[in-house]
Amino acid sequence: MVKPPVADIRRVVRLALQEDLSLGDVTTAALFPSPAPALARIVAQQSLVVAGLAAAMQTFRTVDASLVLSIQRQDGDPAQDGDCLLQIEGDGRSILKAERVALNFLQHLSGVATLTRQFCNAVRGYPVTILDTRKTIPGLRALQKWAVVLGGGTNHRQSLSDGILIKDNHLALLNHTTAPVRTACRKAKTTAPHTANVIVEVESLAEVRTALAGRADIILLDNMTPTMVGQAIKLIKKRALVEVSGGITLKNVRAMAAAGPDRISIGALTHSAPAATLSLVLEPHTGGRRKRS
């Protein structure tokens, strides 16, 4: 099982609850002046990959440590329409206070994991890695990248310090030089830590040649067609790893994989994943207390 980013979960849960409960829950307070025993279930309303359950549980526990949580599915598990992911027992007022924040985490992160799994399934049979990018919601990067891994993908850079990726705007600042791609690669090779791979983004076969002259470790083919990717791979001849990016969708990702790259990076995994559909079903409860999970 992939370990959740515990410190990041606690941080974002605290911020989310501060945002939603800074002045309390006036509706619940008006309707229920005293404890209201309840039993709630979080239920999937579509097929999905569960992600964010740890964040949802942290939300309920932060609001009320006395709530009894019974785990029905784990982060990374598949779930079908109608499956219960988590059961919550205790004061209904506390459940209502935590409901929206807990569901927000679960719906968004399960959406990321589910979309990632769809991309991984789409390229099944090809020796290619599905990567995420830094196109994440500010403050949620660690959780989104955790969800990508739960869905079967692989994390690219966590931050700007995690590797050298020379992009078009870096090259724009070098346009006064001859062969900016080659110049940038060689400069990075000379000045960067020797353990850092140099990745350079290129948009044409001519730039592929200059990237090879600059001894790039990974050549990122940006916004190329599968045919162009195949041509670039023949030119590279395994002298560098090949990554493709730009405009990758579920409709074209298998064709991209068939062209033969080592990696496919997809910003949509985190910036455009549709939220998974889940609901919290709550009812009064008069039965005995259950043991905490």
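Tell me the net charge near Pro5. Cut-off is 12 Å between Cβ atoms, Pro5 excluded, with +1 for each Lys or Arg and -1 for each Asp or Glu. That sum, taken over residues with Cβ under 12 Å, equals +3.
Summarised as an ellipsoid, the chain has semi-axes of 47, 20, 14 Å, derived from the eigenvalues of the Cα gyration tensor scaled by 5 and square-rooted, with the largest first. Counting only pairs 8 or more residues apart or on different chains, how many lysine pairs in the chain have their Cα atoms under 21 Å apart? Summing the qualifying lysine pairs gives 8. Classify region 124-262 as rounded, prolate or oblate from the Cα gyration tensor: take a ≥ b ≥ c as the square roots of its eigenvalues, call it rounded if a/c is under 1.5, otherwise prolate when a/b beats b/c and oblate if not. Oblate shape, in that a/c is at least 1.5 and b/c is the bigger or equal ratio. Among residues other than Asn155 with Cβ under 11 Å from its Cβ, the summed charge is +2 (Lys and Arg +1, Asp and Glu -1).
Between region 10-45 and region 208-272, the C-alpha centres lie 46 angstrom from each other. Between Leu205 and Ser279, the simple label model (points 7 Å from Cα in the Cβ direction) yields a spacing of 5.6 nm. Each peptide in 269-278, 158-167 receives the mean, over its residues, of other Cβ atoms within 10 Å, and ordering these scores from highest gives 269-278, 158-167.
Within the assembled protein chains, the solvent-accessible surface assigned to Cys120 is about 30 Å², based on a 1.4 Å probe. Within the accessible surface of the chain, defined with a 1.4 Å probe on protein heavy atoms only, the carbon and sulfur portion equals 53 percent. Computed over the Cα atoms of region 228-284, pair by distinct pair, the Kirkwood hydrodynamic radius stands at 13.9 angstrom.
Excluding Leu48 itself, calculate the net charge of residues whose Cβ lies under 12 Å from the Cβ of Leu48, where each Lys or Arg counts +1 and each Asp or Glu counts -1. My count for the surroundings of Leu48 gives -2.
Using the alpha-carbon positions of region 149-228, Rg (one decimal) and Dmax (whole number) come out as 13.4, 44 Å.
The values are calculated or read from the model by the stated rules, or taken from the named source; none is laboratory data. Keep in mind that this is a model prediction, so the values were computed, not measured. Glycine gets a Cβ as well: all are built from the backbone with ideal geometry, and neighbour counts include every protein chain shown. Remember, those area values only see protein heavy atoms, side chains included, never the ligands or the DNA or RNA. Shrake-Rupley method; radii C 1.70, N 1.55, O 1.52, S 1.80 Å.
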